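The values are calculated or read from the model by the stated rules, or taken from the named source; none is laboratory data. The structure presented is a predicted model; accordingly, all values stated were derived computationally and were not measured. FYI the Cβ positions are ideal-geometry reconstructions off the backbone, even for glycines, and counts take in every protein chain you see. We work out accessible area using only protein heavy atoms, side chains counted, and drop any ligands, DNA or RNA first. Shrake-Rupley method; radii C 1.70, N 1.55, O 1.52, S 1.80 Å.
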Amino acid sequence: MTITKYQTKPLQCWQKAKELRLNYFKSVMNAKRDGKLLAMVDSGSFLELPAGLGDDYIPFEGHPYGASVGGDPEFSQKCVEATEAKGFARDMCAYTRNFWGSMFLNEYLYGGEFPKGEFAIWRSACESEGKFYQLVAEHMGIPGYALDFPLLPGQEKDEDVIEYVVDQLGACIKWMEKVTGRKYDDEKLLKAANNHFESTRIWAEICMLNQTIPAPLDQKTIYTLYFPSVALRHMPETLAFYKEVLAEVKDRVANKIAALPIEQCRLWDDGIPPWYFLGLYRYLEQYGAVVLGSQYTYALHGAWEDYPDGSWGPARLPQERGMRMKTREDILRAIALWYEEKPMIRAMALPEIKSRQLLRIVQDWHADGVMMHSNRGCPGLSFGQVENYLALQKSGIPTIIYEGNAADKRELSEAQVLDRIDGLMEQMGIRKLVGL
Amino acid sequence: MTTSFQNVIADRHKYARQWKARTGGKVIGYFCTWLPEEIVYAAGILPVRILGSHEPQEMAERHISSMYCPLCRDCLAQGLSGKYDYLDGIIGPFSCLHIRQTFASWKTHVPLEYSYYLYVPTIGHHAAAKPFWVKQLTKFKASLEEWTKKPITDDDLDKSINVYNTNRRYLRQIYDLRKDDFPPVSGAECMEMVVSSQLADKAEHNVWLKSAYHEFSTKKERKDPGIRLMILGSENDDTEFVRLIESLGATVVIDDHCTGSRYFWNYVMPKEDRLSAIASRYLNRPACPAKDITQERRRFKHIPKLAKDFRAQGAILIQQKFCDPHEFDIPPIKEILMKELGIPSLHIEMDIVWPLGAYQTRLESFLEMLQPALV
Ligand code: SF4
Ligand code: SF4
């Protein structure tokens, strides 16, 4: 068998992505000092909504912060122990335990005291998400507003859901005006919403490029790149950044610049990774196995749409679909629709939805196998995973599940993970690259 | 009379089969008490709640993650093993993702005529929730009508609402008897009444409740209740567990369980628009943690009130292993009961198939600890 060796080079945008991330966490840390409006708004919530309160708005987001703490095993250990000391169970959502622990200890991962927002907004895609910020608001003694976002299994856009969400978002705006004493500016909301729409759409376009053989990006790199699509999706800097990334990745595709020099097989990833053990992706490189991405990185907030002709791809912007964007209600409708279409949210209604998505992805991204992380720290995204596994197996797609925890090191055995990976490679007839 | 309740629980499958043979009606299984049963019953269908079998199983692990609660795995195993082969359909009202997984795997792997996923708003008291849910209920009603090929009329709904409200009234009256210094009815008996109500035809169940109420309210011989306890938390249909507690010198005088007070506490208040009346009842019923995500914390007002009204001296907080919603609420509830009412609590993590003996020592020490407070 001849093995093709591709040209490879580091991604120029990578450093910038790291800076965006670090600057964000620092801006949270310095919000009070800088006189900014810090609000506890989780990344799963309607991040752009408080943008109408002023350009100084900064969200402090639980999921990205919980993940970052997970990347620092020593601090994470302290945090989960602080949460457990308050009587909370060890098997609860690990992001919550990391975030809460840091809050209870009043220690911020990037230094100083734990930042306190002026108000909180949350919604519940999984029960843990609904309860996470409820307690944050209580602990901080700040006003909080919960939103309900229905998970319905239908494929079609549901007008009733849109209307319901719009009603709640409208009420939430009035509530924010009341608790902050600020006047809400719809123009600012529109700008933030447009940033969100466009940047998450471009992120989906970037992910589409990874269908190419050889893949221009691998999951390790994607973990750095996807962060703004989650945590900073309402920001103009994110939009500008993704435009650059798109251009660079297009260039890589045109010039066959690959993520790995040898692409023996292509894998799809499922779930949140063990953040403290990203070394597993390095291990896969020894097999020439490129990990293409996951629904978590592509679609947690990446914007995808089922087109009327049955195909799918990056979502068309509301304006491209002829949606009016004049009044507050128009903007809220566009926002509600954008969230309703998010594949990850849809998949949380029933496992069969995610199974369908997975089978389609495996085909479109030319994946040879799937690697699933049964993440004991996230009951939310573990929903339906065993059924998804069965569906993949039934379709003859080599698949493994390994057990672990995204953000609690105590629950993962590195040796076992590597062992599982070896098993998957064996199933696919892939050998380690030696001397190449 | 209590034997009627016990018989339905012990022979739930036989009961449902006989009901089917007797009435020619359909039987549906449902998961979780957020189902507006009135609409189902009005269609001439018997809704039976799928509950734990408390038997060890291995079938569900092939479909549900081991980090999901034992109840949802136990329920699925019963479906996969054919214990519920008489069911014509299943309904999954939206509550928590564990039991939603059971619904999903059941509908995928067990042949059925009908299945329905019913969304239930998470924030029942938000002004936007009711109009949205009434629309969902209208679709649900239409789906049942299409399935049974029979319209559900206002008259059907009125009759159904009446049967359900009667059931609630009797159960509340019986629960109220427990406020007495010498409650004539035990916690285990009450749990049997509520659990059997989730399995039996309510019209028939009402007849049994009526005579049970008469029997209990006129009971002369009443024993000292010992320590008055409240039990609350995750789904718990284990009447033997309650019996064990009550064999140790205590009486469970009140609960906040979906197999207890949460199931029947409030009524449907009749209104011209029947679905709206039904929606109001469910959206405003005592919440479980998954439906109590706002800053109002409705549970944290309701639970201490129950504890106070029924004069509980201690509380047992039950948590099915891995039950996320309750894991979030239990520590603050423990604190509130202590701070507001001086009520100590015991937190028990349960696995539906663990033998009861495993809890006895902890229960005994807890009750012993409560003893001096009573002197
Ligand atoms: S369980 Fe998972 S999806 Fe749910 S809040 Fe935690 S990290 Fe998010
Ligand atoms: S609420 Fe708890 S006990 Fe009930 S099904 Fe969900 S996880 Fe299981």
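Before rounding to the nearest 500, sum -39500 (n - 2.57) across all DSSP H runs of length at least 4 in chain A and divide by the residue total; then give [θ] at 222 nm in deg cm²/dmol.
Working: 17 runs with 211 residues, N = 436.
Per the formula, -15000 deg cm²/dmol.
Could you work out the mean count of beta carbons from other protein chains within 10 Å of each residue's beta carbon in A:124-133?
On the way: counts 5, 2, 4, 16, 7, 1, 11, 9, 2, 2.
Mean shielding by partner chains, rounded to a whole number: 6.
Using the crude model of +1 on Lys and Arg Cβ and -1 on Asp and Glu Cβ, and no other charge, please compute the dipole size for region A:1-85 relative to its Cα centre, in debye to 20. Mind showing how you got there, number by number?
On the way: 10 positive and 11 negative charges, 111 e Å.
In total the dipole reaches around 540 debye.
Given a 1.4 Å probe and every protein chain left where it sits, what share in percent of the accessible area of the protein assembly as shown is carbon and sulfur? Exposed carbon and sulfur together represent 52 percent of the surface.
Of the residues making up region B:77-98, those losing 40 Å² or more of accessible area when the isolated chain is joined by the remaining protein chains, with a 1.4 Å probe, are B:97.
The mean number of Cβ atoms from other chains found within 10 Å of a Cβ in peptide A:141-151 is 5, as a whole number. Expressed as a fraction of 2.2 N^0.38 Å, the C-alpha radius of gyration for region A:132-246 is 1.35. In chain B, helices alone account for a calculated mean residue ellipticity at 222 nm of -16000 deg cm²/dmol, with every DSSP H run of four or more residues adding -39,500 (n - 2.57).
For region A:1-138, the orientation-averaged shadow of the C-alpha convex hull comes to 12.2 nm² (one quarter of the hull surface).
Projecting the Cα atoms of B:106, A:31, A:3 onto the dipole axis of the protein assembly as shown, where Lys and Arg carry +1 and Asp and Glu carry -1 at the beta carbon, places A:31 farthest toward the positive end.
In degrees between 0 and 90, to the nearest 10, how far off the longest principal axis of chain B does helix B:274-283 point, with axes built from Cα atoms? For helix B:274-283, the angle is close to 30 degrees.
Are there any GluC sites (Glu not before Pro) in region A:148-252 that are in a DSSP loop and have at most 14 other Cβ atoms within 10 Å? List them by number. Kindly include the intermediate steps, with their values, before the conclusion.
Details: sites: A:156, A:159, A:163, A:177, A:187, A:198, A:205, A:237, A:244, A:248; in loops: A:156.
Those satisfying the criteria are A:156.
Express the accessible area of region A:12-88 per residue in Å², computed with a 1.4 Å probe while the remaining protein chains stay in the model.
On the way: 2930 Å² over 77 residues.
Ligands and nucleic acids excluded, the result is 38 Å² per residue.
Globularity index of the protein assembly as shown is 0.97 (Cα radius of gyration / 2.2 N^0.38 Å, N = number of residues).
Once you reduce region A:335-359 and region A:266-324 to the center of their Cα atoms, the two points are 13 Å from each other.
Send over a whole-number figure in Å² for the accessible area per residue of region A:288-436, probe 1.4 Å.
Details: 5600 Å² over 149 residues.
For region A:288-436, the solvent-accessible area averages 38 Å² per residue.
Remark: relative contact order (region B:23-148) = 26 percent; criterion is Cα-Cα distance under 8 angstrom and separation of 6 or more residues.
Reported to the nearest whole Å, the Cα centre-to-centre distance from region B:302-375 to region B:106-140 is 32.
In Å², rounded to the nearest 100, what is the total accessible surface buried by chains B and A against each other with a 1.4 Å probe? Don't skip to the answer; put the middle values down first.
On the way: alone 15610 and 17830 Å², together 29290 Å².
Using a 1.4 Å probe on protein heavy atoms, the buried area is about 4100 Å².
Of the residues A:61, A:352, A:340, the one that moves most in a GNM of chain A with alpha-carbon contacts below 10 Å is A:352.
Among the listed pairs A:326/B:130; B:130/B:271; B:26/B:149, those whose Cα-Cα separation exceeds 20 Å are A:326/B:130. When the charge dipole of region A:7-428 is built from unit charges on Cβ atoms (+1 for Lys and Arg, -1 for Asp and Glu) and taken about the Cα centre, the candidate among A:288, A:92, A:195 whose Cα reaches farthest toward its positive end is A:195. Which of the three applies to region B:23-148, rounded, prolate or oblate, going by the alpha-carbon gyration tensor with a ≥ b ≥ c and a/c under 1.5 meaning rounded? Judged from the Cα gyration tensor, region B:23-148 comes out oblate (a/c at least 1.5, b/c at or above a/b).
Debye-formula intensities of region A:277-354, expressed as log10 I(q)/I(0) at q = 0.19 Å⁻¹, are -0.90 (one equal scatterer per alpha-carbon, no solvent).
Keeping every protein chain present and rolling a 1.4 Å probe, give me the accessible area per residue for chain B in Å². The partial results should precede the final answer.
Numbers: 13530 Å² over 375 residues.
Here the per-residue accessible area is 36 Å².
Kindly tabulate the residues in region A:358-378 with an accessible-area decrease of at least 40 Å² between the chain alone and the assembly of all protein chains, using a probe of 1.4 Å. Flagged in region A:358-378: A:376. Let me know the whole percent of all Cα-Cα pairs from region A:7-428 that are separated by more than 29 Å. That fraction is 43 percent.
For residue B:66, put the label point 7 Å out on the Cα→Cβ axis and report which residues of region B:101-119 keep their amide N under 19 Å from it. Answer for this model: B:102. Using heavy atoms of the protein chains and a probe of 1.4 Å, the accessible area assigned to residue B:109 is about 80 Å².
What percent does the relative contact order of region A:7-428 come to when contacts are Cα pairs within less than 8 Å and at least six residues apart? Intermediate values should be presented prior to the final figure.
Working: 741 pairs, mean separation 78.2, N = 422.
Across region A:7-428, relative contact order equals 19 percent.
Peptide B:325-331 has a mean shielding of 6, counted as Cβ atoms of other protein chains within 10 Å of each residue's Cβ. Computed from Cα atoms, the angle from the helix B:202-217 axis to the main principal axis of chain B rounds to 20 degrees.
Which GluC sites (Glu not before Pro) does region B:56-122 hold that lie in a coil by DSSP with at most 15 other beta carbons within 10 Å? Qualifying residues, ordered by number: B:58, B:113. When +1 charges are put on Lys and Arg Cβ atoms and -1 charges on Asp and Glu Cβ atoms, the dipole computed for chain A relative to its Cα centre reaches about 860 debye.
Can you list the trypsin sites (Lys or Arg not before Pro) in region B:223-313 that are in a DSSP coil and have 13 or fewer other beta carbons within 10 angstrom? Numbers along the way, then the final one.
On the way: sites: B:223, B:228, B:243, B:262, B:271, B:274, B:281, B:291, B:297, B:298, B:299, B:301, B:305, B:308, B:311; in loops: B:223, B:271, B:297, B:311.
Passing sites in region B:223-313 are B:223, B:271.
Once backbone amide H atoms are built at 1.01 Å from N, residue A:147 has A:122, A:123, A:124 as its partners under 5 Å, excluding neighbours fewer than 5 places away on the same chain.
Kirkwood hydrodynamic radius computed over chain B comes to 21.1 Å, based on all pairs of distinct alpha carbons. Projecting each Cα onto the charge dipole of the protein assembly as shown (Lys/Arg +1, Asp/Glu -1 at the beta carbon, about the Cα centre), which of A:274, A:22, A:184 comes out farthest on the positive side? Ranked along the dipole, the leading option is A:184.
For the pair region B:58-98 and region A:43-80, the centres of their Cα atoms are 35 angstrom apart.
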